[in-house]
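The values are calculated or read from the model by the stated rules, or taken from the named source; none is laboratory data. Here the structure is a predicted model, which means the values were calculated and not measured. Here the Cβ positions follow ideal geometry from the backbone for every residue, glycine too, while neighbour counts run over all protein chains shown. Side chains are part of the model used for accessible areas, which takes the heavy atoms of the whole protein and leaves out ligands, DNA and RNA. Shrake-Rupley method; radii C 1.70, N 1.55, O 1.52, S 1.80 Å.
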Amino acid sequence: MDLGELKEKFQSKAVADLKDINLVLKATPFLVREVIRLEEALVESEKRIERLAGMLRRTPPTFRSGKKDQAAWKIWMDERKNRLYIQIFGKVERRSGKMISNAILAVMENLHHGFMVVVDLRKMTADVDSRTRFYFRKTAYAFGLMQAEPVIRVIDEGQPLDFLFDNEENCPSLQGSGDVNRVRTMEEADRLLDNIGRHLRS
């Protein structure tokens, strides 16, 4: 069914002609489905406008980056996809771990429940002590409260950083460090999450 053809034929008419009855009968189910689709899109747009209005009132950051000692980081978000991105570089210690955690918590204020997370750990040193791990567990706990799922880790093969952002006691939904949560590139992580999103909408 061609919506453009229907518009051209009927947009200037108040009533369809009798000779068009077959076309009208055929078009009715199509138009009803189109109205439902537009109503759903309108509801989603209104929700996004409400979230954006809240962001303007609070004005939390949408991007944070920094350096401390031997560590560096970048945190940003995609509001449309409800997705959080984290890149960590170098050796993270207690002071830099606290700053990274605070930056993540600040940016994620822009997102709503059920957001997805991509964490790029390829350039991060695997040596993380117990005091530093506390800040990653703290962040994972915040993810759990916001029902963030899944958390996709971008790591190299054999890189022993699967434990980061896990808090198994408080955030069971984030436990999975199986193959489904590990990818090699940021692009692969986006493709995986895009496919998950399409599956959830279907």
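Return yes when residue 141 is at pLDDT 90 or above and touching a helix residue (DSSP H, G or I) at 6+ places or on another chain (Cβ under 7 Å) and no when it is not. Give the derivation first.
Details: at pLDDT 90 or above: yes; touching a helix residue (DSSP H, G or I) at 6+ places or on another chain (Cβ under 7 Å): no.
Here the answer is no, as residue 141 does not meet what is asked.
Every condition in (1) in contact (Cβ under 8 Å) with a residue 24 or more places away in the chain; (2) open to solvent by 30 Å² or more (accessible area, probe 1.4 Å) holds for residue 78 except the one numbered (1). In this structure, residue 28 does satisfy being more than 30 Å from residue 119 (Cα to Cα) and of a type in the set (S, T, N, Q).
Quick check on my filter: what residues within segment 81-90 are within 13 Å of residue 124 (Cα to Cα) and buried (at least 19 other Cβ atoms within 10 Å of the Cβ)?
Here is the first cut: in segment 81-90, the ones within 13 Å of residue 124 (Cα to Cα) are 86-90.
Once the filter is applied, which keeps residues that are within 13 Å of residue 124 (Cα to Cα) and buried (at least 19 other Cβ atoms within 10 Å of the Cβ), segment 81-90 yields 86, 87, 88.
With surrounded by fewer than 16 Cβ atoms within 10 Å (Cβ to Cβ) and in contact (Cβ under 8 Å) with a residue 12 or more places away in the chain as the only criterion, which of 50, 34, 93 stands out? Among 50, 34, 93, only 34 is surrounded by fewer than 16 Cβ atoms within 10 Å (Cβ to Cβ) and in contact (Cβ under 8 Å) with a residue 12 or more places away in the chain. For segment 120-165, a residue qualifies if it is open to solvent by less than 10 Å² (accessible area, probe 1.4 Å), among the small types (Gly, Ala, Ser) and assigned to a helix (DSSP H, G or I), and exactly one does: 140. The number of residues in segment 8-27 being among the β-branched types (Val, Ile, Thr) and either open to solvent by 70 Å² or more (accessible area, probe 1.4 Å) or in contact with a helix residue (DSSP H, G or I) (Cβ under 7 Å, 6 or more places away or on another chain) (or both) comes to 2.
Of all positions in segment 65-72, none carries a residue that is open to solvent by 90 Å² or more (accessible area, probe 1.4 Å) and modelled with pLDDT under 80.
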